[in-house]
Amino acid sequence: MMVIRVLHVEDEPDLREIVAVALGQPDLVTRSCGSGQEAIVIAINWSPDIILLDVMMPEMDGPTTFTRLRSNARRQESQSSS
């Protein structure tokens, strides 16, 4: 069985809980976090297959988080191919 890693980024604890229940499937391993900055750290260390990202968050919103995640992924790809 293939296991899919899902990172869910949401600043509202109640919504994180609802999504965790909804994604509670045997072939999904989920992790949740409450900020864009936390998502970047987890994504670097855990390498999720899918990231579900909230758009409106304090401090670092979803589009900014997405841009930084993409930038980190490109940096890692170029380092691994060197």
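The values are calculated or read from the model by the stated rules, or taken from the named source; none is laboratory data. Because the structure is a prediction, the values reported are computed rather than measured. Glycine also receives a Cβ, built like all others from the backbone with ideal geometry; neighbour counts cover every protein chain displayed. For accessibility, only protein heavy atoms count, side chains too; no ligands or nucleic acids. Shrake-Rupley method; radii C 1.70, N 1.55, O 1.52, S 1.80 Å.
Every test in (1) in contact with a helix residue (DSSP H, G or I) (Cβ under 9 Å, 6 or more places away or on another chain); (2) surrounded by 14 or more Cβ atoms within 10 Å (Cβ to Cβ) is passed by Gln76 save one, and that test is (2).
Name the single residue, out of those in segment 58-71 being open to solvent by less than 50 Å² (accessible area, probe 1.4 Å) and over 13 Å from the mean Cα position of the chain (by Cα), that is modelled with the lowest pLDDT.
Selected residue: Ser71.
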